[in-house]
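Derivation of every value follows stated rules applied to the coordinates shown; laboratory data play no part. Bear in mind that the values here come from a model prediction, so they are computed numbers and not experimental data. Cβ coordinates were reconstructed from backbone atoms using ideal geometry, including for glycine residues, and neighbour counts include every protein chain displayed.
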Amino acid sequence: MSQHLTDSTSVVNKTARQFTRVLEIIEKYDHDKQRLITILQEVQEEYRYLPQQVLTYIATALDMPVAEVFGVATFYAHFSLEAKGKYVIKVCDGTACHVKGSSRLIDTVCSKLKLSKEKHTTDDMLFTLEAVSCLGACGLAPVMVINEQVYGEVSAKRCEEIIDQIIQNENK
């Protein structure tokens, strides 16, 4: 039973720290409802996604309907309600990239990281895969972006090498 209390206390402390940072962000913008998108962007930058309980907290702190905050968070593709890995791999599957083999890149990432159409994030929260419609770099097709780093004319072999390098750097 002592272990259960320790685990519960740990969860409560983590949640309290989480909401403290959210409140700091809200206060930075003077609880201004007009700054909701900016607040959501900063919160997502902090946590890599928008947890449902945090969205509810933001709605309460801004004196807004929860449905309105959720509506904004789900309307814009930039926002995510699911936890993402430290490295977000975006593979363009637009026309130019698709024609040049982006589906092989998606298959390579899925195979290498044991991901699927249903499972987008690795168990260790290191990688998240997103197939996107366009990255605006058609001349470099097929294109892959990991966080802010753009990789053009990527082959399946090069894709594996890039992922291996990230894993190697993480294990140092």
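Under the rule of -39500 (n - 2.57) per DSSP H run of 4 or more residues, summed and divided by the residues of the chain, what mean residue ellipticity at 222 nm is obtained, to the nearest 500 deg cm²/dmol? Calculated mean residue ellipticity at 222 nm is -17000 deg cm²/dmol. Absence of a disulfide-compatible partner, taken as no other cysteine beta carbon within less than 4.7 angstrom, is noted in the chain for Cys110, Cys134, Cys138, Cys159. Amide H to amide H distances under 5 Å link Val132 with Val91, Cys92, Asp93, where only residues 5 or more positions off or on other chains count and H is placed in the peptide plane. Taking the fewest neighbouring Cβ atoms within 10 Å as the starting point, the ordered list for Cys92, Cys159, Cys134 is Cys134, Cys159, Cys92.
Each of Asp32, Asp93, Asp123 was scored by other Cβ atoms within 10 Å of its Cβ. Listed from fewest to most, they are Asp123, Asp32, Asp93. Look at His120, His98 and count the other Cβ atoms within 10 Å of each Cβ; fewest to most, that gives His98, His120.
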